[in-house]
Amino acid sequence: MSRRDIITLPDPLLRQVSKPVATVDASVRRLWDDMVETMYAAPGIGLAAVQVGEPRRLLVIDLAKEGEDKKPLFVANPEIFWESEQVSEYEEGCLSIPDFYEMVSRPSEVKLRFLDRQGAAQELHATGLLATCLQHEIDHLNGILFIDHISRLKRERVVKKFAKAQKLGKL
Ligand code: GNR
Ligand code: NI
(Lines give C-alpha, C1' and ligand atoms only; values in the text may rest on other atoms or scores of the structure.)
(Ligands and ions follow the chains in the order given, each with its own letter.)
Protein backbone atom coordinates (compact mmCIF):
# COMPACT_ATOMS: atom_id res chain seq x y z
CA MET A 1 0.00 0.00 0.00
CA SER A 2 1.25 3.48 -0.66
CA ARG A 3 0.06 6.91 0.18
CA ARG A 4 -0.88 9.13 -2.79
CA ASP A 5 -0.98 12.88 -3.21
CA ILE A 6 -4.46 14.43 -3.01
CA ILE A 7 -5.27 16.93 -5.77
CA THR A 8 -6.77 20.26 -4.72
CA LEU A 9 -8.74 23.15 -6.17
CA PRO A 10 -8.39 24.42 -8.93
CA ASP A 11 -7.13 21.13 -10.47
CA PRO A 12 -9.44 20.59 -13.50
CA LEU A 13 -9.46 16.82 -12.88
CA LEU A 14 -11.85 17.54 -9.97
CA ARG A 15 -14.45 18.55 -12.59
CA GLN A 16 -14.07 15.40 -14.70
CA VAL A 17 -16.78 12.71 -14.68
CA SER A 18 -15.18 9.43 -13.54
CA LYS A 19 -15.56 6.22 -15.59
CA PRO A 20 -17.17 3.02 -14.22
CA VAL A 21 -14.86 0.08 -13.55
CA ALA A 22 -15.55 -2.93 -15.79
CA THR A 23 -14.64 -5.44 -13.07
CA VAL A 24 -13.37 -5.35 -9.51
CA ASP A 25 -9.91 -6.78 -10.16
CA ALA A 26 -6.52 -6.64 -8.47
CA SER A 27 -5.78 -3.16 -9.86
CA VAL A 28 -9.03 -1.84 -8.35
CA ARG A 29 -8.26 -3.43 -4.97
CA ARG A 30 -4.73 -2.00 -5.05
CA LEU A 31 -6.10 1.48 -5.77
CA TRP A 32 -8.68 1.10 -2.94
CA ASP A 33 -5.84 0.12 -0.57
CA ASP A 34 -3.84 3.20 -1.56
CA MET A 35 -6.97 5.31 -1.09
CA VAL A 36 -7.65 4.08 2.46
CA GLU A 37 -4.04 4.63 3.43
CA THR A 38 -4.20 8.15 1.98
CA MET A 39 -7.55 8.83 3.71
CA TYR A 40 -6.33 7.63 7.14
CA ALA A 41 -3.15 9.69 6.82
CA ALA A 42 -4.98 12.88 5.80
CA PRO A 43 -7.03 12.27 8.01
CA GLY A 44 -10.48 12.09 6.41
CA ILE A 45 -13.67 10.01 6.58
CA GLY A 46 -14.05 9.45 2.83
CA LEU A 47 -12.10 9.65 -0.42
CA ALA A 48 -12.97 9.36 -4.12
CA ALA A 49 -10.42 7.89 -6.57
CA VAL A 50 -10.36 11.07 -8.64
CA GLN A 51 -8.91 12.88 -5.61
CA VAL A 52 -5.75 10.78 -6.04
CA GLY A 53 -5.75 11.46 -9.78
CA GLU A 54 -7.66 8.34 -10.95
CA PRO A 55 -11.02 9.23 -12.54
CA ARG A 56 -12.65 5.84 -11.90
CA ARG A 57 -15.97 5.34 -10.05
CA LEU A 58 -14.42 4.13 -6.80
CA LEU A 59 -14.64 5.48 -3.27
CA VAL A 60 -13.77 4.52 0.29
CA ILE A 61 -15.38 5.62 3.55
CA ASP A 62 -14.51 4.91 7.18
CA LEU A 63 -16.55 6.59 9.90
CA ALA A 64 -14.79 4.77 12.78
CA LYS A 65 -13.76 7.22 15.48
CA GLU A 66 -10.24 7.60 16.78
CA GLY A 67 -9.39 4.62 18.97
CA GLU A 68 -12.09 2.42 17.40
CA ASP A 69 -11.24 -0.45 15.05
CA LYS A 70 -11.02 0.67 11.45
CA LYS A 71 -13.86 -0.51 9.22
CA PRO A 72 -13.35 0.72 5.68
CA LEU A 73 -16.27 0.54 3.23
CA PHE A 74 -15.11 -0.13 -0.35
CA VAL A 75 -17.53 1.05 -3.06
CA ALA A 76 -17.36 0.68 -6.86
CA ASN A 77 -19.84 2.03 -9.44
CA PRO A 78 -22.39 3.38 -6.89
CA GLU A 79 -25.90 4.28 -8.07
CA ILE A 80 -28.32 6.09 -5.76
CA PHE A 81 -31.82 4.80 -6.58
CA TRP A 82 -33.77 6.48 -3.77
CA GLU A 83 -33.33 9.56 -1.62
CA SER A 84 -35.50 10.80 1.26
CA GLU A 85 -37.67 13.91 0.96
CA GLN A 86 -36.29 14.93 4.32
CA VAL A 87 -32.98 16.77 4.26
CA SER A 88 -30.38 17.31 6.94
CA GLU A 89 -27.53 19.76 7.33
CA TYR A 90 -23.91 18.89 8.07
CA GLU A 91 -20.85 21.06 8.18
CA GLU A 92 -18.79 19.60 5.33
CA GLY A 93 -15.16 19.84 4.40
CA CYS A 94 -13.16 18.32 1.56
CA LEU A 95 -9.56 17.14 1.40
CA SER A 96 -9.39 18.77 -2.06
CA ILE A 97 -10.45 22.15 -0.57
CA PRO A 98 -8.29 22.25 2.59
CA ASP A 99 -9.33 24.32 5.62
CA PHE A 100 -12.73 25.36 4.26
CA TYR A 101 -15.94 24.23 5.97
CA GLU A 102 -19.56 25.13 5.29
CA MET A 103 -23.05 23.81 6.08
CA VAL A 104 -24.60 21.74 3.27
CA SER A 105 -28.18 20.40 3.00
CA ARG A 106 -28.67 16.99 1.45
CA PRO A 107 -31.26 14.19 1.62
CA SER A 108 -31.02 12.64 5.12
CA GLU A 109 -31.21 9.08 3.76
CA VAL A 110 -30.29 7.39 0.49
CA LYS A 111 -30.45 3.87 -0.91
CA LEU A 112 -27.74 2.79 -3.30
CA ARG A 113 -26.45 -0.16 -5.28
CA PHE A 114 -22.74 -0.75 -5.73
CA LEU A 115 -20.08 -3.44 -6.16
CA ASP A 116 -18.18 -4.47 -3.05
CA ARG A 117 -14.55 -5.53 -2.60
CA GLN A 118 -15.38 -9.01 -3.96
CA GLY A 119 -17.19 -7.55 -6.98
CA ALA A 120 -20.57 -8.63 -5.57
CA ALA A 121 -23.63 -6.39 -6.02
CA GLN A 122 -24.79 -4.82 -2.74
CA GLU A 123 -27.64 -2.58 -1.64
CA LEU A 124 -27.29 -0.18 1.24
CA HIS A 125 -29.76 2.08 3.08
CA ALA A 126 -27.57 4.86 4.47
CA THR A 127 -28.59 7.40 7.11
CA GLY A 128 -26.86 10.09 9.16
CA LEU A 129 -23.22 10.92 8.46
CA LEU A 130 -22.85 7.86 6.20
CA ALA A 131 -25.59 9.17 3.90
CA THR A 132 -23.96 12.61 3.81
CA CYS A 133 -20.50 11.23 3.15
CA LEU A 134 -21.69 8.86 0.40
CA GLN A 135 -23.42 11.73 -1.38
CA HIS A 136 -20.28 13.90 -1.05
CA GLU A 137 -18.11 11.11 -2.55
CA ILE A 138 -20.58 10.22 -5.33
CA ASP A 139 -20.68 13.92 -6.23
CA HIS A 140 -16.88 13.72 -6.73
CA LEU A 141 -17.41 10.89 -9.24
CA ASN A 142 -19.63 13.29 -11.19
CA GLY A 143 -17.23 16.25 -11.03
CA ILE A 144 -19.32 17.97 -8.33
CA LEU A 145 -17.82 19.53 -5.18
CA PHE A 146 -19.58 20.43 -1.92
CA ILE A 147 -19.04 24.12 -2.69
CA ASP A 148 -21.51 23.66 -5.57
CA HIS A 149 -24.19 23.26 -2.87
CA ILE A 150 -23.44 26.54 -1.01
CA SER A 151 -24.20 30.14 -1.92
CA ARG A 152 -22.59 31.59 -5.03
CA LEU A 153 -20.96 34.34 -3.02
CA LYS A 154 -19.24 31.89 -0.65
CA ARG A 155 -18.27 29.59 -3.52
CA GLU A 156 -16.75 32.36 -5.63
CA ARG A 157 -14.84 33.61 -2.61
CA VAL A 158 -13.20 30.23 -1.91
CA VAL A 159 -12.54 29.48 -5.60
CA LYS A 160 -10.77 32.83 -5.93
CA LYS A 161 -8.71 32.17 -2.82
CA PHE A 162 -7.46 28.83 -4.19
CA ALA A 163 -6.83 30.27 -7.68
CA LYS A 164 -4.73 33.03 -6.15
CA ALA A 165 -2.83 30.62 -3.88
CA GLN A 166 -1.94 28.50 -6.92
CA LYS A 167 -0.80 31.55 -8.89
CA LEU A 168 1.49 32.52 -6.01
CA GLY A 169 2.88 28.96 -5.87
CA LYS A 170 0.78 28.03 -2.80
CA LEU A 171 2.75 30.70 -0.83
O1 GNR B 1 -12.96 14.03 5.58
C2 GNR B 1 -14.02 14.46 5.13
N3 GNR B 1 -14.98 14.90 5.99
C4 GNR B 1 -16.28 15.18 5.59
C5 GNR B 1 -17.09 15.84 6.50
C6 GNR B 1 -18.40 16.13 6.19
C7 GNR B 1 -18.91 15.75 4.97
C8 GNR B 1 -18.12 15.10 4.04
C9 GNR B 1 -16.80 14.81 4.35
S10 GNR B 1 -15.81 13.96 3.20
C11 GNR B 1 -14.22 14.55 3.66
C12 GNR B 1 -13.14 13.88 2.87
C13 GNR B 1 -13.30 14.20 1.39
O14 GNR B 1 -12.97 15.23 0.89
N15 GNR B 1 -13.88 13.29 0.65
O16 GNR B 1 -14.11 13.53 -0.66
NI1 NI C 1 -14.31 15.67 -0.86
Checking the structure you have, find out if any residue of segment 127-139 is farther than 18 Å from Arg15 by Cα, touching a strand residue (DSSP E or B) at 6+ places or on another chain (Cβ under 7 Å), within 12 Å of ligand 2 (Cβ to nearest atom) and free of Cβ contacts under 8 Å to residues at least 60 places away in the same chain. yes
Looking only at segment 1-54, how many residues end up being within 26 Å of Ala165 (Cα to Cα), of a type in the set (Gly, Ala, Ser) and surrounded by 18 or more Cβ atoms within 10 Å (Cβ to Cβ)? 4
For segment 70-111, name all the residues that are small (Gly, Ala, Ser) and within 16 Å of ligand 2 (Cβ to nearest atom). Gly93, Ser96
For residues in segment 51-72 being within 12 Å of the chain's Cα centre (by Cα) and among the hydrophobic types (A, V, I, L, M, F, W, C), which is farthest from Gly119 (Cα to Cα)? Val52
Counting only residues that are outside any helix (DSSP H, G or I) and within 18 Å of the chain's Cα centre (by Cα), segment 130-163 contains a total of 5
Residue under question is Val75, and the condition is that it be surrounded by 17 or more Cβ atoms within 10 Å (Cβ to Cβ), farther than 19 Å from Asp62 by Cβ and within 13 Å of ligand 1 (Cβ to nearest atom); does it hold? no
Residue check, Thr23 farther than 15 Å from Ile144 by Cα and either over 14 Å from the mean Cα position of the chain (by Cα) or modelled with pLDDT of 95 or more (or both): yes
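The values are calculated or read from the model by the stated rules, or taken from the named source; none is laboratory data. Just so we're clear, the structure is a prediction, and the values are computed from it rather than from any experiment. Glycine also receives a Cβ, built like all others from the backbone with ideal geometry; neighbour counts cover every protein chain displayed.
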